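The values are calculated or read from the model by the stated rules, or taken from the named source; none is laboratory data. These figures come from a predicted structure and were not determined experimentally. Positions of Cβ are backbone-derived with ideal geometry, glycine not excepted, and every protein chain shown enters the neighbour counts.
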Amino acid sequence: MLFRKSIVFTLTLLMILGSMFLAFGSVSAQDKPYEGTEINVLVWRDAHTKAVKEKVSEFEEMTGIDVVIDDLPTQSLTQKMAMNVTTETGKYDLVAVDEPYIPQFAEYFVDYKDWPAPKVMESKIQLSEIPQGAVTAAAWNNSIKGLPINANAYIMIYRKDLVEDEENRKAFKEEYGYKLQAPDTLEQLYNLAEFFYNPDEMMYGYAPFTVKSEGATVEAMWLLKSFGVEILDENLNVVLDVDQAVEAMEYYKKLLDFGPPSKLSMGHPETIQNVNAGNVFATLQWPAIIAGHENPKESRVAGKLGYPLNPKGPGGRAAITGVWSLTMPKASENKQAAAEFAYWWGSYESGKELVEAGMSPIRKDLLTDPKLQKSHPWYQSVLANLDKAAVHRPRFPEYMKVSDKVQLYFAKIISDDMEPREAMKQMKSEIEVIIEEYKND
């Protein structure tokens, strides 16, 4: 009898333990529905994606998804993206794409509206949570081709401490007849650059971007748009006004008089070095780089910079955008898991942690967060410029051919190899050929 009771007790205990095992097993499966799934993500390499890599283990723990991040320098990324996306290898489940390349590869990406709903994350990221100037960067043919992930706008920075100095204010008012303040117009920018230019003390008025690259295109397009110059209209007609373009280029050549000795070959490294050393009054900069200017371990001007709306020219204000978007290749075999990762990356909760790790946020609720604005004083300018001054580079699949022409003739003008009028007429003519060939293809 005792033996029989022992058997019954043992069987009952095993049944209870079995039920508990099954219960816990089903909870685990429910909590991590993607256990064993691997996704491959191709992104650019900078502080933003470094922050994501530092925090991605939290997402992996939450979902069971193994995220393999392949981060490359921008140029290498573009080449690898083009090769894998166009041949539809299916190797990558998400690919970060800089906005000028969206039109060229749009046919290979799933429209954002068709991305799957999440199973683990609370919700799909609503595009209304992102500044419109950034959403437009991911658009092509009335569709949004991915999820914008960084609020990238080329914004003005200046030495606020020099503007607030009482002796500088008095001297500036005597010389120019108006109050010393942040540059609100291009005329004021010129006056301020001239006023603070003191090469004997290694102090320069403006740091340009002139080394032949896409950065030079951005600099030139900021300049042209500030003078009211469009290169292409929405129907891909070349509408460049040569007279206005010449006015813009002549202004810039005069502004260069107040640049550093290396002003004709300056890119990001040279500007970063000059700004951090306290040798420049003003320049245009990308948000991801500004974080370094505000780091007292790297920069002498941390806490001394100001961030206004970009100065207004005859054609208004212009802030060239460089927004990257996470796109989902149609060839991906892990679309559901890939979407979960993108939603995690773009969520408010993750965003607050990623910001502290070095990410440049894109959500309005992060850019307007009072605590974040206090520790990241340029956020307000990023949002204001995206809302009020965002300008996108010409959007069509052969954009890079246009960019090459802009770089070429911008360089010829600032180096005095060509007169501005001759250069602008030639640039317009060659862009017309590019457009005609594209339309007839």
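Across the range 112-171, what is the number of residues that are buried (at least 24 other Cβ atoms within 10 Å of the Cβ), touching a helix residue (DSSP H, G or I) at 6+ places or on another chain (Cβ under 6 Å) and over 22 Å from His392 (Cβ atoms)?
0
Is it the case that the range 160-180 has a residue that's in a strand (DSSP E or B) and at pLDDT 95 or above?
no
What number of residues in the range 102-138 are under 15 Å from the mean Cα position of the chain (by Cα) and touching a residue at least 60 places away in the same chain (Cβ under 8 Å)?
The qualifying residues number 9.
Which of (1) within 22 Å of the chain's Cα centre (by Cα); (2) under 25 Å from Met400 (Cα atoms); (3) modelled with pLDDT under 90 is the odd one out, the single condition Ala47 does not satisfy?
(2) is the only condition that Ala47 fails.
Got a number for residues in the range 284-298 being outside any helix (DSSP H, G or I) and either under 19 Å from Trp222 (Cβ atoms) or in the same structural domain as Gln373 (by TED's automatic domain parsing) (or both)?
3
If a residue has to be polar (S, T, N, Q) and in contact with a helix residue (DSSP H, G or I) (Cβ under 6 Å, 6 or more places away or on another chain) to count, how many in the range 377-398 make the cut? Break it down into steps so the answer makes sense when it comes.
Applying the first criterion (polar (S, T, N, Q)) to the range 377-398 yields 380-381, 385.
So of that shortlist, the ones also in contact with a helix residue (DSSP H, G or I) (Cβ under 6 Å, 6 or more places away or on another chain) come out as 380.
So the answer is 1.
If you go through the range 256-277 one residue at a time, how many are surrounded by fewer than 17 Cβ atoms within 10 Å (Cβ to Cβ) and within 25 Å of the chain's Cα centre (by Cα)?
Residues flagged as surrounded by fewer than 17 Cβ atoms within 10 Å (Cβ to Cβ) and within 25 Å of the chain's Cα centre (by Cα) within the range 256-277 amount to 7.
Report whether or not Phe281 is surrounded by 22 or more Cβ atoms within 10 Å (Cβ to Cβ), assigned to a loop (DSSP other than H, G, I, E, B) and touching a residue at least 60 places away in the same chain (Cβ under 8 Å).
So Phe281 fails the test.
Could you check the range 181-216 and list, in sequence order, the residues that are in a loop (DSSP other than H, G, I, E, B) and either not small (Gly, Ala, Ser) or not assigned by TED's automatic domain parsing to the domain that holds Asn274 (or both)?
The answer is Gln181, Pro183, Asp184, Tyr197, Met202, Pro208, Phe209, Thr210, Val211, Lys212.
Results for (1) touching a residue at least 12 places away in the same chain (Cβ under 8 Å); (2) among the acidic types (Asp, Glu); (3) surrounded by fewer than 22 Cβ atoms within 10 Å (Cβ to Cβ), shown as yes or no for each residue.
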| residue | (1), (2), (3) |
| --- | --- |
| Ala338 | yes, no, no |
| Gly358 | yes, no, yes |
| Ser381 | yes, no, no |
| Phe410 | yes, no, no |
| Glu432 | yes, yes, yes |
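Under the condition of being over 17 Å from Met266 (Cβ atoms) and not acidic (Asp, Glu), which residue from the range 412-424 is surrounded by the fewest Cβ atoms within 10 Å (Cβ to Cβ)?
Checking each candidate, the answer is Arg421.
Of all the residues that make up the range 221-261, how many are within 14 Å of Pro208 (Cα to Cα) and either touching a Gly at 6+ places or on another chain (Cβ under 9 Å) or not assigned by TED's automatic domain parsing to the domain that holds Thr185 (or both)?
Residues meeting the conditions: 6.
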